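Please read the structure below before turning to the comments.
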Amino acid sequence: MTQFEWLTHDIDFVVDKIKKNLTLFQETVPPAASVDLVYAPEENTDWTASFWIGMLFLVKELTNDPAVDPTIEKQLASFRRRLEKDIALETHDIGFLYTLSAIADYQVNQRESSKELAVKAADRLMERYDPKTQIIQAWGDLNDEQQRGRMIIDCLMNLPLLYFASAMTGEGKYKEAAYTHAKQTQRYIVRDNFTTYHTYYFNPKTGEAIGGKTQQGFADDSCWARGQAWGIYGFTLSYNHTGDHTFLETAKKLADYFIDCLPEDKICYWDLVFHDGSGEERDTSAAAIAVCGLLELAKQLPLTDPKKDEYQAVAVAIMKTLSKGYTSVDSPQSNGLLLEGVYDKKSNKGVKECMIWGDYYYVEALVRLTTAWYSYW
Ligand code: GLY
């Protein structure tokens, strides 16, 4: 029996459910969050559109089943069209969108056309890099005064698109922008106690740092669980692509804080200020991101680092609870995979629902634990 034999029935379950969804999501995609645990099809316009095709590539890696290929083709065409027609791309999440579509296809199928698509998407993302503030603007039109000068921790996951573009073209500008943005994130979004702000503002005219605020967390000075999870994973990725050891150290500190806040069953509440007995919801999507981040972090640490085994063990413990108590295996009406995610509690948007990125990272974690996966990020 292999170490992760217990995941076999989970893999069968997710592969089966994803394949059942193939008829519903051909050119359309699942939305960010389910309603009553069901994803209804929508156009490819949100920041979350690539998690579906990303899951299809993961199913391909798990099963080599050609059944997913026609949908992958349609989805890729849709991402090509989105870039050509510039549909809803006023966002830094171009990184998520084209990492899990174009880069993943290049990794899995080695198609040059996908490499070119990824580089074009990186060019579009580069338009959002502002040399004055040295950040990539998170949201909105570049001329919108309300939106200028703001970065958010999630953006660390958008940087691999830029690192990829430099690796493929030999042009350093993409990597330099990504590196500079990651350094600004490390300097301003990470607090002295290794909790994190969700968002941080700069004066776009002078470049001066103004201060941190939250968008989806409980309070400006609390620690939004998903933000901390993006940070664990994202700083580790910036270490992978730049070799800057301080990113690895920061990822470890963020991981330590996250682990210290875990409740009894190891599934974090949606903000790390909440603990057992608070009556607040958990966020399984943050838990799934953290599993992948901790596994990547453990992989990067040398054998001599005592934290290596700890991070791996915590990741596996979280997976055990997710697998036992939080999948839709007993909710046949649901076309999602992971129950009890929270998108935005304060706006009452997607609370105790399936999150499409939660599903994606859950499947990524299954792939990480059972195959020699080389990462799209
Ligand atoms: N990147 C947006 C979120 O995590 O909700």
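The values are calculated or read from the model by the stated rules, or taken from the named source; none is laboratory data. Keep in mind it's a predicted model, so treat the numbers as computed, not measured. Glycine also receives a Cβ, built like all others from the backbone with ideal geometry; neighbour counts cover every protein chain displayed. Note: areas computed on protein heavy atoms with side chains; ligands, DNA, RNA excluded. Shrake-Rupley method; radii C 1.70, N 1.55, O 1.52, S 1.80 Å.
Only one of these conditions is not met by Lys17: (1) more than 23 Å from Ile318 (Cα to Cα); (2) crowded, with 18+ Cβ neighbours inside 10 Å; (3) basic (Lys, Arg). Which number is it?
In the conditions (1) more than 23 Å from Ile318 (Cα to Cα); (2) crowded, with 18+ Cβ neighbours inside 10 Å; (3) basic (Lys, Arg), Lys17 misses (1) alone.
Please work out if Gln312 is outside any loop (DSSP other than H, G, I, E, B) and open to solvent by 60 Å² or more (accessible area, probe 1.4 Å).
yes
Assuming Arg226 fulfils every condition listed in (1) more than 14 Å from the ligand (Cβ to nearest atom); (2) in contact with a helix residue (DSSP H, G or I) (Cβ under 6 Å, 6 or more places away or on another chain); (3) among the charged types (D, E, K, R) apart from one, which condition is it?
Only one criterion in (1) more than 14 Å from the ligand (Cβ to nearest atom); (2) in contact with a helix residue (DSSP H, G or I) (Cβ under 6 Å, 6 or more places away or on another chain); (3) among the charged types (D, E, K, R) is unmet by Arg226, namely (1).
So which residues in region 185-201 are open to solvent by 20 Å² or more (accessible area, probe 1.4 Å), in contact with a helix residue (DSSP H, G or I) (Cβ under 8 Å, 6 or more places away or on another chain) and either assigned to a helix (DSSP H, G or I) or β-branched (Val, Ile, Thr) (or both)?
Gln186
Residue check, Tyr362 against (1) open to solvent by 20 Å² or more (accessible area, probe 1.4 Å); (2) within 16 Å of the ligand (Cβ to nearest atom); (3) within 22 Å of Tyr98 (Cα to Cα), all met but one. Which one?
(1)
Collect the residues in region 123-140 that are in a loop (DSSP other than H, G, I, E, B) and in contact with an Asp or Glu (Cβ under 9 Å, 6 or more places away or on another chain), keeping them in residue-number order.
Arg128, Thr133, Gln137, Ala138, Gly140
Of everything in region 163-184 that's within 21 Å of Ala229 (Cα to Cα) and not hydroxyl-bearing (Ser, Thr, Tyr), which residue is surrounded by the fewest Cβ atoms within 10 Å (Cβ to Cβ)? Outline the logic, then answer.
Residues of region 163-184 that are within 21 Å of Ala229 (Cα to Cα), as a first pass: 163, 178-184.
With the extra rule that they be not hydroxyl-bearing (Ser, Thr, Tyr), the set shrinks to 178, 181-184.
Working: Ala178: 31, His181: 25, Ala182: 28, Lys183: 17, Gln184: 19.
Checked region 163-184; the qualifying residue surrounded by the fewest Cβ atoms within 10 Å (Cβ to Cβ) is Lys183.
Can you tell me how many residues in region 75-96 are under 25 Å from Met151 (Cβ atoms) and more than 16 Å from the ligand (Cβ to nearest atom)?
Matching residues across region 75-96 total 5.
Please go through region 33-55 and pick out each residue that is among the small types (Gly, Ala, Ser) and either more than 16 Å from the ligand (Cβ to nearest atom) or farther than 12 Å from Gly358 by Cβ (or both).
Initial filter on region 33-55 (among the small types (Gly, Ala, Ser)): 33-34, 40, 49-50, 54.
Passing the criteria: Ala40, Ala49, Ser50, Gly54.
Taking into account only those residues within region 334-359 that are part of a strand (DSSP E or B) and of a type in the set (Val, Ile, Thr), which is nearest to Leu100 (Cα to Cα)?
Result: Val342.
Exactly one condition in (1) open to solvent by 30 Å² or more (accessible area, probe 1.4 Å); (2) of a type outside the set (A, V, I, L, M); (3) away from the ligand (no atom under 16 Å from the Cβ) is false for Pro204; which is it?
For Pro204, the failing item is (1).
Among the numbered conditions (1) among the hydroxyl-bearing types (Ser, Thr, Tyr); (2) closer than 26 Å to Gln137 by Cα; (3) away from the ligand (no atom under 16 Å from the Cβ), tell me where Thr185 comes up short.
Only one criterion in (1) among the hydroxyl-bearing types (Ser, Thr, Tyr); (2) closer than 26 Å to Gln137 by Cα; (3) away from the ligand (no atom under 16 Å from the Cβ) is unmet by Thr185, namely (3).
Would you check if Ala209 is within 13 Å of the ligand (Cβ to nearest atom) and not basic (Lys, Arg)?
no
Conditions (1) within 16 Å of the ligand (Cβ to nearest atom); (2) open to solvent by less than 20 Å² (accessible area, probe 1.4 Å); (3) not in a loop (DSSP other than H, G, I, E, B), marked per residue:
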position	(1), (2), (3)
Tyr98	yes, yes, yes
Ala102	no, yes, yes
Val108	no, no, yes
Ser113	no, no, yes
Leu117	no, yes, yes
Ala121	no, yes, yes
Leu142	no, no, no
Glu145	no, no, no
Cys155	yes, yes, yes
